[in-house]
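Worksheet: the structure to be examined is printed underneath.
Nothing in this text is a laboratory measurement; each read-out follows from the coordinates by a stated rule. Computed from a predicted structure; not experimentally measured. With ideal geometry, Cβ positions are generated from the backbone for all residues, glycine too; neighbour counts draw on all protein chains shown.
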Amino acid sequence: MKNGIKSLIAVALGLMAGALLMLFTGHNPIEGYMYLLQGALKNPERIGNMLATATPLILTGLSVAFAFRTGLFNIGAAGQMLFGGFCATAIGLSLDLPRPLLLTVMVVAGFIGGALWAFIPGLLKARYNVHEVVSTIMMNWVAYWTIYYVVPGYFKGASLETESRQLPPEAMLHQQWLTDLFQGSYLNLGFFIAVLAVIIVAFIINKTTLGYELKAVGFNRHSAEYAGIAVKRSIVMSMLISGGLAGLAGVAQYTGNASSIQIGVLPTQGFDGIAVALLGINAPLGVFLSALFFGLLYSGRGFMNAMTEIPPEIADTIIAIIIYFAATSILIERLYQKMKSRRAANKKREE
Amino acid sequence: MWATIEQIFPYAIAFTIPLLITALGALFSERSGVVNIGLDGLMIVGSFIGALVVSQLQEAFPDPGVPKVVLLLIGLAAAAIASALFSLLHAFASINLSANQIISGTAINMIAGALTIFLARNMTGSGNIRVKNGFATFDVPILSKIPVIGELFFTRTYLTTWIVLGILIFSIILLYKTPFGLRLRSCGEHPHAAEAAGIRVQSMRYVGVMISGAFSGLGGAIILLTYSGEFTGNVAGLGFLALASLIFGQWKPIGILLATLFFGFATTVANVSQVIPSLAVFPPVLLKIFPYVVTLIALVIFSKSSNAPKAVGEPFDSGKR
């Protein structure tokens, strides 16, 4: 059975479970899903917002998927995203450059910030075989507390203690023609960065020697080593690129979708990236599509909540259930195989 | 300085205990061969069920005739049972279906975090559930009169602290002094040899994961009924810290105790540093990131001589030898 079909079945099962849950808590699921769709797609503005919501998810999903291809589980996309976003925000607030140059520097800084944050777990894994799940979780908290104190210390907002100063408009990814095209939506250049990243990552994974080596390490570390691939360098390289992609998610989130950086929260997009990657079977196009789907659920839920009183957390619940079904997709495959062999047996008997 | 230590000691212990019980549960799971990264989610489930049961009971039995402690203990038991049942999702995926255990655990975290808030919102609107009274602190009779030690260990203690320490001792005996413990550990080291010796590997792994679930549920409920007092849909990432304690403690009960005490004290010191003059000289950010950086360094130091169960994280396939 094709992996893409498994993902679709997991989505269908997740949506059904969501419907049951709505029914169970005394709501009308058909009405709920209808308003959910309307909330995400009713007019150009909402479609734009849906794409903007999906943007950081595309990038964190790519980040997790990229590391996964090398056999690494980057659970630290949240911290990398936060730190990358912080680097970009810091540049945007302190440098005074012409807009195209400033935006370029910000994007590069975001990538480097995220890459730096993933470099440490990558190095620890390559050199000391420290499991990346634990080290990236630790790095998440280090990022959380660093931002918690550095932002109020150096980039304090005028009124709020819990976020940085607002970025000046020329240091943000907003573009007037985009806002006009989508009738006031906050869709911004971040979306194009994400699309570009999907294409570049697809190219690296499928068409380059680097991508081949990284995948080889992911399939079997020992045989890759035997074949002469520098495994340790591949691990560090994979984490660097993965972290950089998460850093770009931070750029898209904090300098595009929002105009300042908040303290005291790890961005949820970091953890959702795991779900996006898993549902998108770690392929760039799959990541793109599943991020759009999650973006739809997240941007439609507010409208659904306003119209029906279904708690907005239904979206998170559906996503979580989908991931569980994706993780246990072998069950679906076994059922499918059983049905297939039974059908074959029946056919034989008829003959 | 002494007064400072005396002041923060009870807080540090209160913070350590839920971490300790959760990490201890994870020890059972990993010793049986299943990685459980879903601790955080299982703690959230425990916190949710604990809040639900205790708040309902306190409403149903408001008269002082029913001792308050009994209601709280029922809440703890309910939380442990609920999380043990919830952990079956992880056990089924990782034992029967040979799913990737880290992905399955991540799914557990996501489901728990989202589903409990969804249900709580349906009940209370805000998504938070308040508990009127939690466990009260008390001084242990006689022992609290001992100089120095009494002041530190036996004054202002929670009942749950003693329950958890009891479970710790019981777990050490169970794991290292009984046939059951030997069997459980063999499943995490060499499941095929264990099977050849007539041990049912899959059943043992189910037991390991469910103990982990029950203990995590206790951990979540203890946070609720001692220092937090309210279900808010998360446990501040303590489940992940418990997982780090397990590794920091090198998969050994006493090691885990020391690791969780370290986290308890480091976190408490960071939390109170601003009000205590002798600590205020350090920049707070350094105190806050200190435990995490130390964990990273410890992981590097231990990397050469890791005591991780050899078969942890690997699905067991009886036919593959």
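As a proxy for reagent exposure, A:147, A:204 were ordered by neighbouring Cβ count within 10 angstrom, fewest first; the result is A:204, A:147.
Enter the Cα centre distance for the pair segment B:10-46 and segment B:115-133, rounded to the nearest angstrom. About 23 Å separates the Cα centre of segment B:10-46 from the one of segment B:115-133.
Estimate the FRET efficiency between residue A:349 and residue B:88 by the formula 1/(1 + (r/R0)^6), using the beta-carbon distance for r and 60 Å for R0, to the nearest 0.05. Mind dumping the intermediate values first?
Details: r = 39 Å, r/R0 = 0.64.
Efficiency at R0 = 60 Å is approximately 0.95.
With +1 on each Lys and Arg Cβ and -1 on each Asp and Glu Cβ, how big is the dipole of chain A about its Cα centre, in debye rounded to the nearest 20? Working shown, then result.
Details: 24 positive and 17 negative charges, 319 e Å.
Computed about the Cα centre, the dipole is about 1540 debye.
Cross-chain or 8 or more residues apart, Cα under 29 Å: how many lysine pairs in segment A:50-309 fit that? Count them up, please.
On the way: A:125/A:207; A:125/A:215; A:125/A:232; A:207/A:215; A:207/A:232; A:215/A:232.
Summing the qualifying lysine pairs gives 6.
Inter-chain Cβ neighbour count for A:302-315, averaged per residue, equals 3 (cutoff 10 Å, partner chain atoms only).
Counting only other chains, and only Cβ atoms inside 10 Å, what mean value do you get across the residues of B:306-313? Let's see the in-between values first.
On the way: counts 3, 0, 1, 0, 0, 0, 0, 1.
The mean count of partner-chain Cβ atoms within 10 Å per residue comes to 1.
Computed about its Cα centre, the charge dipole of the protein assembly as shown is approximately 2040 debye, with only Lys, Arg, Asp and Glu carrying charge at their Cβ.
Comparing mean-square fluctuations of A:189, A:82, A:21 from a GNM of chain A with C-alpha springs under 10 Å, the top value falls on A:21.
The distance separating the Cα centre of segment A:286-351 from that of segment A:1-70 comes to 10 Å.
Taking label points 7 Å from Cα along the Cα-to-Cβ direction, residue B:317 and residue B:60 give a separation of 4.9 nm. A helix-only calculation puts chain A at -26000 deg cm²/dmol for mean residue ellipticity at 222 nm, using -39500 (n - 2.57) for each DSSP H run of at least four residues, averaged over all residues. If R0 equals 56 Å, the separation of the Cβ atoms of residue A:233 and residue B:126 corresponds to a calculated FRET efficiency of about 0.65. Can you give me the angle between helix B:101-124 and the longest principal axis of chain B, using Cα atoms only, in degrees from 0 to 90, rounded to the nearest 10? Tilt of helix B:101-124: around 40 degrees. For segment B:1-80, rounded, prolate or oblate, judged on the Cα gyration tensor with a ≥ b ≥ c (square roots of eigenvalues), a/c < 1.5 rounded, else prolate if a/b > b/c? It is oblate, given that a/c is not under 1.5 and a/b is not larger than b/c. Separation of segment B:258-280 and segment B:62-83, taken as the distance between their Cα centroids, equals 31 angstrom. Taking every residue in B:282-288 and counting other chain Cβ atoms within 10 Å of its Cβ, the average works out to 3. Where a ≥ b ≥ c are the square roots of the eigenvalues of the C-alpha gyration tensor, would you call segment B:2-236 rounded, which needs a/c under 1.5, or, failing that, prolate if a/b is larger than b/c, or oblate? Note, shape of segment B:2-236 comes out oblate.
Over segment A:257-312, the pair-distance histogram of Cα-Cα distances with 10 Å bins from zero comes to 21, 36, 36, 7 percent, rounded to whole numbers.
How much mean residue ellipticity at 222 nm does chain B get from its helices, if each DSSP H run of length 4 or more adds -39500 (n - 2.57) and you divide by all residues, to the nearest 500 deg cm²/dmol?
About -22500 deg cm²/dmol.
Projecting the Cα atoms of B:208, B:238, B:54 onto the dipole axis of chain B, where Lys and Arg carry +1 and Asp and Glu carry -1 at the beta carbon, places B:208 farthest toward the positive end.
Between rounded, prolate and oblate, where does the protein assembly as shown land on the alpha carbon gyration tensor, with a ≥ b ≥ c its root eigenvalues, rounded for a/c under 1.5, else prolate if a/b exceeds b/c? Kindly include the intermediate steps, with their values, before the conclusion.
Working: a/c = 1.37, a/b = 1.17, b/c = 1.17.
Judged from the Cα gyration tensor, the protein assembly as shown comes out rounded (a/c under 1.5).
In plain terms, the residue of B:83, A:164, B:171, B:212 with the fewest other Cβ atoms within 10 Å comes first and the most crowded comes last, giving B:171, A:164, B:212, B:83.
The angle separating the long axis of helix B:253-272 from the principal Cα axis of greatest extent in chain B is about 40 degrees.
Straight Cα distances below 27 angstrom link residue A:348 to the lysines A:2, A:338, A:340, with same-chain residues fewer than 8 positions distant left out. From largest to smallest, the equivalent ellipsoid semi-axes obtained for segment B:38-174 from the alpha-carbon gyration tensor read 32, 23, 12 Å. Placing +1 on the Cβ of every Lys and Arg and -1 on the Cβ of every Asp and Glu, with no other charges, gives segment B:2-236 a dipole of roughly 300 debye about its Cα centre. In this structure, the amide hydrogen of residue A:261, modeled 1.01 Å from its nitrogen in the peptide plane, lies closer than 5 angstrom to those of A:164, counting only residues at least 5 positions away or on a different chain.
Set the Förster radius R0 to 30 Å, insert the Cβ-Cβ distance between residue A:154 and residue A:196 as r into 1/(1 + (r/R0)^6), and round the FRET efficiency to 0.05.
Values: r = 31 Å, r/R0 = 1.03.
Working from the Cβ atoms, E equals 0.45.
Each peptide in A:273-285, A:36-48 receives the mean, over its residues, of other Cβ atoms within 10 Å, and ordering these scores from highest gives A:273-285, A:36-48.
Neighbouring Cβ atoms within 10 Å as the yardstick, rank A:328, A:146 fewest first. If you can, show how the numbers build up before the last one.
Working: A:328 23, A:146 18.
If I rank by nearby Cβ atoms, fewest first, I get A:146, A:328.
Once the Cα atoms of helix B:68-91 and of chain B are each reduced to a long axis, what angle between those two axes, in degrees from 0 to 90 to the nearest 10, is obtained? The angle comes out near 30 degrees. On full extension, the segment bounded by residue A:208 and residue A:99 gains 35.9 nm, given 0.36 nm per residue less the C-alpha separation. With a length cut of 27 Å (Cα positions projected on each helix's long axis) and a Kyte-Doolittle mean of at least 1.6, go through chain A and give me the DSSP H helices that pass. Qualifying helices, which must be both long enough and hydrophobic enough, are A:3-24. Placing a pseudo-label 7 Å from each Cα along the Cα-to-Cβ vector at residue B:293 and residue A:223 gives an inter-label distance of 4.3 nm.
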